[in-house]
1. Working only within segment 236-253, note down all residues that are part of a strand (DSSP E or B), of a type outside the set (A, V, I, L, M, F, W, C) and open to solvent by less than 10 Å² (accessible area, probe 1.4 Å).
2. Within the group Leu145, Leu59, Leu98, which residue is assigned to a helix (DSSP H, G or I) and under 24 Å from Phe212 (Cβ atoms)?
3. Are there any pairs with C-beta distances below 8 angstrom linking a residue in segment 309-320 that is under 12 Å from Glu240 (Cα atoms) to a residue that is within 14 Å of the ligand (Cβ to nearest atom) and open to solvent by 50 Å² or more (accessible area, probe 1.4 Å), with the two at least 6 apart or on different chains, and if so which?
4. Against the conditions (1) open to solvent by 60 Å² or more (accessible area, probe 1.4 Å); (2) assigned to a strand (DSSP E or B); (3) under 21 Å from Leu223 (Cβ atoms), where does Ser52 fall short? Just the number, please.
5. Is there any pair linking a residue in segment 252-278 that is farther than 22 Å from Met230 by Cβ and modelled with pLDDT under 70 to one that is more than 16 Å from the ligand (Cβ to nearest atom) and of a type in the set (Lys, Arg), with Cβ under 9 Å and at least six apart or on different chains, and which?
6. Looking at segment 210-225, is at least one residue in a loop (DSSP other than H, G, I, E, B), without any contact (Cβ under 8 Å) to a residue 40 or more places away in the chain and open to solvent by 50 Å² or more (accessible area, probe 1.4 Å)?
7. Condition first: away from the ligand (no atom under 11 Å from the Cβ) and either among the aromatic types (Phe, Trp, Tyr) or part of a loop (DSSP other than H, G, I, E, B) (or both). Now tell me which residues in segment 304-321 satisfy that.
8. Mind checking which residues of segment 68-83 are in a loop (DSSP other than H, G, I, E, B) and open to solvent by 30 Å² or more (accessible area, probe 1.4 Å)?
Amino acid sequence: MTEQNLLTIENLKKEFVVEKTLLGKPTVTLKAVDGVSLSIAKGENLGLVGESGCGKTTLGRMIVKLSEPTDGRIVFNGEDITHLDSSKMRELRKSIQLIFQDPYASLNPRMTILQAVRAPLDAFGEGTFQERKEKTIQMLEQVGLSREFIDKYPHEMSGGQRQRAAIARAMIINPKLIVCDEPVSALDVSVRAQVLNLMKTLQQERGISYLFISHDLSVTHHLCDRIAVMYLGTIVEMAEKDELYKNPIHPYTKALLSSIPLPDRDHKREKTSLEGDVPSPINPPKGCRFHTRCPFASENCSFNVPELREVKPGHFVACSLEKN
Ligand code: SF4
């Protein structure tokens, strides 16, 4: 961990018990996150990509303390936050916020937009009622929602407007880190770019860091500085975004990127196809977890677990092909 790191995760794990004996002893567990280590610097945006069910949302939920890790460590702003009591958790809410895919998850349908966005200020008792109201109106204006929206209810607004309100709610207490879980995937393509640009502008103005969870690599390229690729609960590749897009090494990353055109037309990407479905995390493949779908798998891949290694400065890969 460096001094500039806002967040450091060390060997984080989350298991869910699927079946247990009558005496409560687990017999079947699902390893949703299985030993993830990464860091996010102050003001940095880290993208976390992978197919549905790879564990990225579970990882995000552990960071915002909506889910307790089974093992590992989370350090935020120099403090170990892996296990917190309720008073420290309340303090942490000021610094780490979450934006969901569905803005209804953070906007109470019985509250007006003004009430819903003001709620975090009310909860922390900041300023007078009038000051909180004015601050909320300013925040709404910053996300492009004028005063005419303040008395509307979430169901009276479009998806894009609701997500703008959810962003305002997450930003209003000036957090240091926002975990964004597929924040634009439910929006129309035309609105998506506007919301992404808004998030980028607010991040730059306020010096916030994002952990941006998405299945869409073109979206993360637009917003993020570095990208981590997740497969079946583990990180398989992590690098600065242009390095990852131009020189992907892991066959899974190559397959994910195959369908995304490069901005430079002279630079052709080698096609890597992805066969079959993601195996179940209840019984993941032994050795390299990707070997059942990997076009380059050798016999060794089915029993050797490749470590995440730095193969170039800042570029980490977990694949035995990169050992030599
Ligand atoms: Fe493919 Fe083997 Fe590399 Fe896994 S370790 S990605 S199976 S080549």
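1. Glu237
2. Unique residue meeting the criteria: Leu59.
3. The qualifying pairs are Phe316/Leu308; Phe316/Arg309.
4. (2)
5. Note: pairs meeting the criteria are Pro261/Arg269; Leu262/Lys246; Leu262/Lys268; Leu262/Arg269; Asp264/Lys246; His267/Lys246.
6. Taking every residue of segment 210-225 in turn, none turns out to be in a loop (DSSP other than H, G, I, E, B), without any contact (Cβ under 8 Å) to a residue 40 or more places away in the chain and open to solvent by 50 Å² or more (accessible area, probe 1.4 Å).
7. The answer is Leu308, Pro313, Gly314, Phe316.
8. Answer for segment 68-83, where residues must be in a loop (DSSP other than H, G, I, E, B) and open to solvent by 30 Å² or more (accessible area, probe 1.4 Å): Glu68, Thr70, Asn77, Gly78, His83.
The values are calculated or read from the model by the stated rules, or taken from the named source; none is laboratory data. As the structure is a computational prediction, the values presented were derived from the model and not from experiment. Reconstructed Cβ throughout: ideal geometry from the backbone, glycine too, with neighbour counts over all protein chains shown. To get the accessible areas, we keep the full protein, side chains included, count just its heavy atoms, and leave off ligands, DNA and RNA. Shrake-Rupley method; radii C 1.70, N 1.55, O 1.52, S 1.80 Å.
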